2 protein chains.
Amino acid sequence: MLKLHRTALTALVLALLLACAQLSLAQPGDPLPSWNDGPNKTAILDFVHKVTREGSPDFVPVPERIATFDNDGTLWAEKPLYFQVFFILDRVKAMAPQHPEWQTREPFASVLKGDLKGAFSGGDQALVALALAAQTGMSTADFAREVQDWIATARHPQTGMLFTEMVYQPMLELLGYLRANGFKTFIVSGGGIEFMRPWTERVYGVPPEQVVGSSFQTQYEMTPDGPVLMRLPKIAFVDDREGKPVGINAHIGRRPVAAFGNSDGDIQMLEWTTVGQKGARLAMLVHHTDAAREYAYDKGTEKALKEATARGWNIVDMKDDWNVIYPSVKK
Amino acid sequence: MLKLHRTALTALVLALLLACAQLSLAQPGDPLPSWNDGPNKTAILDFVHKVTREGSPDFVPVPERIATFDNDGTLWAEKPLYFQVFFILDRVKAMAPQHPEWQTREPFASVLKGDLKGAFSGGDQALVALALAAQTGMSTADFAREVQDWIATARHPQTGMLFTEMVYQPMLELLGYLRANGFKTFIVSGGGIEFMRPWTERVYGVPPEQVVGSSFQTQYEMTPDGPVLMRLPKIAFVDDREGKPVGINAHIGRRPVAAFGNSDGDIQMLEWTTVGQKGARLAMLVHHTDAAREYAYDKGTEKALKEATARGWNIVDMKDDWNVIYPSVKK
């Protein structure tokens, strides 16, 4: 009897330990090894501790643990051009044989001559014309295949790395750490939603349904092979600046408790996450300060940096806070 | 030594049993007790078995197990009017004191006189005018509160039940069964996305980020109390008919492997789920055949029923297939 009791008790204890281990040992040791000790790493760890501790005044139930991340400049690099622009330029070059008229029509003619400065002298309108030509007129399935093929092989003109190798190791750790603590992680980017979705699950662990981005209108059509959604040359939504809270509301329907950005386009998302909200919130800007390992620039981020200081948002100093930048270049 | 081994072994076995129990005993006994035995119940069980069995030619990995559900007439009743229309009418009546001009302006005047036939004689335009007046001009947070207050107390004019009591018990079981088998369940409804989100998690277990619906445009504004999203009197998206695959693509970014609807508005969603797709797919229409316990009607569902027969989609006969309709009226 006693022996049976002991055996059963040991079994129960071990079973409970196993169950606990599945919960608490998801993050053995330091969950953010690529982050140097300092106020920003501490702010992340403190925030997660506060919102996940039952009984804490800042406790947030699991379903409300929403974290949103900008992509360009926050999860991966964005220089010398947004990486999606390289895709657009490569597509225009690949499509040129079917468009002889582009040889004499701007901004296409300049792109085909390799004169980017000339191509972009037309400003936003030139970029929109290139984006429409390169990214609409096909089905969503065909477009996804184009993106997959390109992202698997295209390389950054300065580093020679695959673009997906130029994601930030510290941010990958942060995504994983938040998810291990019950957060749902979303990307909220000014980039194209259908440009990101084919690879965000593999690279960031973020599934398509948790990607919010800019979009073109699509139209349902039945073909002999089944239905398709055709991408129309008409912008449906611009997920930038004031558009980010709009996109967050449309796709998520809850306000985030943590948000991460790097530029003026992220200001409203960080406001929407923190201003006038009760309880602990985390808003963080990645400041590009590392010309040796990545890039150093403030252009396009000045207002965000100013507002971050005024509102007490955290500013990550890449040079000081991160001991690794890219996953493939570990220290 | 031997005793220790035995203890450890017993512990291990029990721990493994516990771990397995958490996985496999999520559905003890019949997972669909409100469904009568028959081809439709069998079709559901067979489909789930096929797509969840590793090594099956129809196996679908967990991240791709997407199931989409229409709401009106599929998850809850929709007669004598879509339930959201009752909300709109109640809002118009509540707002009338602030709008003396409505006393003489149609369709408002007829609504305030209780003459619904007169109010809706203006067709879709009349409904749109009422919907805009009742549902825009406030912040998304204020609108959510209005919905919450209304749904907690408003009652169906014929049954006297709360509207959220008029959800279908067999469909609640189906939602739970699919989720227990690794599916992510989404609502894809022609109804207002922000009309549904305040209560879908509590009633259906579907969180706000898994609700797709029709929407008005919103605009980001900073107030002294913090930022708000104001609901503008401009339709952003109609999530019906051809709009359903568009909405599914915009919000989910994957094609469903199972879809459930009841009317002509669901045809394209069921096509998008099944036509030209490889592997097991489940498409199901709820046919309202039970005048005694719910409603019996074909109007607005004729084309869907016809296409279901042609394409081999399952047609649920409420009267024959369901032994319970509403959760509060168990057999």
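Against the test of being within 14 Å of chain A (Cβ to nearest Cβ) and at pLDDT 95 or above, the options B:Val13, B:Val62, B:Val111, B:Val48 yield a single qualifying residue, B:Val62. With respect to the conditions (1) crowded, with 16+ Cβ neighbours inside 10 Å; (2) out of contact with any helix residue (DSSP H, G or I) (no Cβ under 9 Å at 6 or more places or on another chain), B:Gln98 lacks only one, and its number is (1). Annotation note: of A:Thr136, A:Thr140, the sole residue that is outside the structural domain of A:Pro245 (by TED's automatic domain parsing), among the polar types (S, T, N, Q) and in contact with a Ser or Thr (Cβ under 8 Å, 6 or more places away or on another chain) is A:Thr140.
Residues being closer than 19 Å to B:Thr274 by Cβ, among the aliphatic types (A, V, I, L, M) and exposed (fewer than 15 other Cβ atoms within 10 Å of the Cβ): count how many of those fall in the range A:220-235. Steps first, please.
Just the residues of the range A:220-235 that are closer than 19 Å to B:Thr274 by Cβ, to begin with: A:220-229.
Still in the running and among the aliphatic types (A, V, I, L, M): A:222, A:228-229.
Next cut, exposed (fewer than 15 other Cβ atoms within 10 Å of the Cβ) only: A:222.
Number satisfying all stated conditions: 1.
Of these, A:Thr289, A:Thr309, which one is open to solvent by 30 Å² or more (accessible area, probe 1.4 Å) and touching a Lys or Arg at 6+ places or on another chain (Cβ under 6 Å)? Outline the logic, then answer.
On the way: A:Thr309 fails: touching a Lys or Arg at 6+ places or on another chain (Cβ under 6 Å).
Testing whether each residue is open to solvent by 30 Å² or more (accessible area, probe 1.4 Å) and touching a Lys or Arg at 6+ places or on another chain (Cβ under 6 Å) leaves just A:Thr289.
With respect to (1) over 23 Å from A:Gly300 (Cβ atoms); (2) under 23 Å from the mean Cα position of the chain (by Cα); (3) surrounded by 12 or more Cβ atoms within 10 Å (Cβ to Cβ), the lone exception for A:Pro80 is condition (1). Scanning the range B:273-286 for residues that are open to solvent by 10 Å² or more (accessible area, probe 1.4 Å) and of a type in the set (Ser, Thr, Tyr) yields one hit, B:Thr274.
Out of A:Gln148, A:Gln158, which single residue is under 20 Å from the mean Cα position of the chain (by Cα), modelled with pLDDT of 95 or more and open to solvent by 30 Å² or more (accessible area, probe 1.4 Å)?
Working: A:Gln158 fails: under 20 Å from the mean Cα position of the chain (by Cα).
Exactly one residue qualifies, and that residue is A:Gln148.
Report, by residue number, each residue of the range A:110-121 that is in a helix (DSSP H, G or I) and either within 14 Å of A:Leu89 (Cβ to Cβ) or not assigned by TED's automatic domain parsing to the domain that holds A:Phe87 (or both). Matches in the range A:110-121: A:Ser110, A:Val111, A:Leu112, A:Lys113, A:Leu116, A:Lys117, A:Gly118, A:Ala119, A:Phe120. If you go through the range A:195-219 and pick out every residue that is open to solvent by 30 Å² or more (accessible area, probe 1.4 Å) and within 10 Å of chain B (Cβ to nearest Cβ), you end up with 5.
Pairs linking a residue in the range B:156-185 that is at positive phi and within 14 Å of chain A (Cβ to nearest Cβ) to a residue that is modelled with pLDDT of 95 or more and part of a helix (DSSP H, G or I), with Cβ atoms under 6 Å and 6 or more positions apart or on different chains, are B:Gly182/B:Val62.
Got a sec? Which of B:Val188, B:Val238, B:Val257 is more than 11 Å from chain A (Cβ to nearest Cβ) and surrounded by fewer than 21 Cβ atoms within 10 Å (Cβ to Cβ)?
Details: B:Val188 fails: surrounded by fewer than 21 Cβ atoms within 10 Å (Cβ to Cβ); B:Val257 fails: surrounded by fewer than 21 Cβ atoms within 10 Å (Cβ to Cβ).
That would be B:Val238, the only listed residue that is more than 11 Å from chain A (Cβ to nearest Cβ) and surrounded by fewer than 21 Cβ atoms within 10 Å (Cβ to Cβ).
For the range A:236-270, the tally of residues that are among the aliphatic types (A, V, I, L, M), without any contact (Cβ under 8 Å) to a residue 40 or more places away in the chain and not in a helix (DSSP H, G or I) stands at 1.
In the range B:35-56, of all residues being under 22 Å from B:Val286 (Cα atoms) and outside any helix (DSSP H, G or I), the one that is most open to solvent (accessible area, probe 1.4 Å) corresponds to B:Asp37.
A:Ala134 - would you say it is among the aliphatic types (A, V, I, L, M), exposed (fewer than 14 other Cβ atoms within 10 Å of the Cβ) and within 20 Å of A:Ile193 (Cα to Cα)? When the stated conditions are applied, A:Ala134 does not pass them. Of all residue pairs spaced 6 or more apart or on separate chains, those with beta-carbon atoms under 6 Å, a first member in the range A:44-67 that is assigned by TED's automatic domain parsing to the domain that holds A:Gly176 and a second member that is surrounded by 13 or more Cβ atoms within 10 Å (Cβ to Cβ) and assigned to a strand (DSSP E or B) are A:Phe47/A:Leu282; A:Ile66/A:Lys184; A:Ala67/A:Thr185; A:Ala67/A:Ala258. Among the residues of the range B:161-185, those that are open to solvent by less than 10 Å² (accessible area, probe 1.4 Å) and hydroxyl-bearing (Ser, Thr, Tyr) comprise B:Tyr168, B:Thr185.
Based on this model, can you work out whether B:Phe143 counts as in contact (Cβ under 8 Å) with a residue 24 or more places away in the chain, open to solvent by less than 20 Å² (accessible area, probe 1.4 Å), part of a helix (DSSP H, G or I) and more than 23 Å from B:Asp264 (Cβ to Cβ)? Let's see the steps before the verdict.
Values: in contact (Cβ under 8 Å) with a residue 24 or more places away in the chain: yes; open to solvent by less than 20 Å² (accessible area, probe 1.4 Å): yes; part of a helix (DSSP H, G or I): yes; more than 23 Å from B:Asp264 (Cβ to Cβ): yes.
The answer is yes for B:Phe143.
The values are calculated or read from the model by the stated rules, or taken from the named source; none is laboratory data. Please read these numbers as outputs of a predicted model, since none were measured by experiment. Neighbour counts are summed over all protein chains in view; Cβ atoms, including those assigned to glycine, are modelled from backbone coordinates with ideal geometry. Only protein heavy atoms, including side chains, enter the accessible area calculation; ligands, DNA and RNA are left aside. Shrake-Rupley method; radii C 1.70, N 1.55, O 1.52, S 1.80 Å.
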